[in-house]
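Here's the structure, in structure tokens; my notes come after.
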Amino acid sequence: MPRPITASISISALRHNLATVRRHLDHAAALTGATPASIWAVIKANAYGHGIERAVSGFSAAQGLAMLDLDEAVRCREAGWGGPVLLLEGFFQPADLDIVDRYHLTCTVHSSEQLAMLAAARLSRRVDVMVKLNSGMNRLGFAPEDYAQAHARAGQLQRQGILGSVGRMTHFACADGAPGVADQLETFARATEGLSDGPVSVCNSAATLRYPETAHAGAGGPHWVRPGICLYGASPFDDVSAASYGLRPAMSLRSEIIAVQQVPAGQAIGYGATFRTEQLMRIGVVACGYADGYPRHAGTGTPVTVAGVPTRVVGRVSMDMLMVDLAPVPAAGVGAPVALWGEGGPSVDDVARAAGTIGYELLCAVAPRVPVLTRP
Ligand SMILES: *Cc1c(COP(=O)(O)O)cnc(C)c1O
């Protein structure tokens, strides 16, 4: 028998979250009479730790899937996904274009090097591209002053039969808080002025949830949004929970109590003796540590649920174990179920906050040694 830790992934939660985002977008579109935006479900990083094949199944109602690893794009095709697949960073070297061609992948084009590789490629069919603007995040994309020229170059390649559709795309740096999206939207509007052919895509989860009207930024269309984290039932925001949007956690990390210690007052718990008991305490030892992907920076007070009762982590998280306060659950002994995050436990975002990070990182970091169960 393996250790009693599992990550259980709910396909129905993935479906539910996609449908929730769908309704949110339909509602926003109805207010202005716009055509509702299509959804690229973002499944990069092994679908934020949930598994590409599970995501293909859970997001079968999405219009497209987006990721950046070419191997993950191929896995989508092999899992039977026939719809659009968007590579969020495009391709990296000329040889990648063979895969783009064979598996009919849509490419983000963010650099003149990529345009040159496309111009030199020998392909069996046209490549659909999204020309990316750096509207202020300063990560990927053409600078605003270079955008028109890059887009025009893509237009030439289109007329030469190399490219199919040529779309416009950008990415927000601060849709989850201040200063918001207004400046980047304005930069996008200015840099893409006069362009109205081809698809447009600007929104991540935070923008989709908080500024759904921006799903229709940019003339023409069709318009596409690119939500990721919210589809897994976690929040892109510090201050608003995923549950408040009606989203459900798709991943539940669970384990069990493997030992119980009765610790007298004044004793220390765990490495570094960072926590001392103030009275006699029952301490539960949980089979879950940082080698499972649980964050080591989650210190005393991090929420955890034992046998359905919320309690807290005490002391430092070690490689394979962590300790919890059993005072609120006097009946819990060895074998008692522990919900580290997800259904029946704290949200992954609450655990992340206690560890000084974000839910994204925890979901992606669940270790390969943790067995994954798929639930319908
Ligand atoms: C990761 C990513 C997204 C999705 O971001 P979330 O915050 O998870 O919604 C969208 N677009 C691009 C370009 C990305 O890299």
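Brief remarks on what is shown
- Gly33 outside the structural domain of Tyr294 (by the TED database) and modelled with pLDDT under 95: yes
- Search result, residues across the range 145-167 that are of a type in the set (A, V, I, L, M) and either within 16 Å of the ligand (Cβ to nearest atom) or outside any strand (DSSP E or B) (or both): Ala148, Ala150, Ala152, Ala154, Leu157, Ile162
- Subset of the range 227-247 (residues that are crowded, with 23+ Cβ neighbours inside 10 Å and either in contact with a strand residue (DSSP E or B) (Cβ under 9 Å, 6 or more places away or on another chain) or of a type in the set (S, T, N, Q) (or both)): Pro227, Gly228, Ile229, Leu231, Tyr232, Gly233, Ala234, Ser235
- When Pro179 is tested against (1) modelled with pLDDT of 95 or more; (2) out of contact with any Gly (no Cβ under 9 Å at 6 or more places or on another chain), exactly one condition is not met: (1).
- Any chance Ala175 is out of contact with any His (no Cβ under 8 Å at 6 or more places or on another chain), on the phi < 0 side of the Ramachandran plot, part of a helix (DSSP H, G or I) and of a type in the set (A, V, I, L, M, F, W, C): no
- Index of the failed condition, Gly49 passing every other in (1) more than 13 Å from the ligand (Cβ to nearest atom); (2) on the phi > 0 side of the Ramachandran plot: (1)
- When every residue of the range 218-229 is checked against the conditions, at least one turns out to be on the phi > 0 side of the Ramachandran plot and either touching a Cys at 6+ places or on another chain (Cβ under 9 Å) or without any contact (Cβ under 8 Å) to a residue 40 or more places away in the chain (or both).
- So Gly233, is it small (Gly, Ala, Ser) and farther than 30 Å from Leu88 by Cα: no
- Test set (1) surrounded by fewer than 17 Cβ atoms within 10 Å (Cβ to Cβ); (2) out of contact with any strand residue (DSSP E or B) (no Cβ under 8 Å at 6 or more places or on another chain) - Gly359 fails condition number: (1)
- Yes/no for Arg282 being of a type in the set (Lys, Arg) and more than 14 Å from the ligand (Cβ to nearest atom): yes
- Options Thr192, Thr170, Thr187: the member that is assigned by the TED database to the domain that holds Ile39, within 12 Å of the ligand (Cβ to nearest atom) and not charged (D, E, K, R): Thr170
- Scan of the range 318-360 for residues that are assigned to a helix (DSSP H, G or I), within 16 Å of the ligand (Cβ to nearest atom) and either closer than 23 Å to Ile258 by Cα or free of Cβ contacts under 8 Å to residues at least 40 places away in the same chain (or both), ordered by number: Val348
- Scanning the range 205-237 for residues that are in a strand (DSSP E or B) and within 16 Å of Ile43 (Cβ to Cβ) yields Trp224, Val225.
The values are calculated or read from the model by the stated rules, or taken from the named source; none is laboratory data. It should be emphasised that the depicted structure is a prediction, and the values quoted were computed from it without experimental measurement. Heads up, the Cβs are rebuilt from the backbone with ideal geometry, glycines too, and the neighbour counts pull from every protein chain shown.
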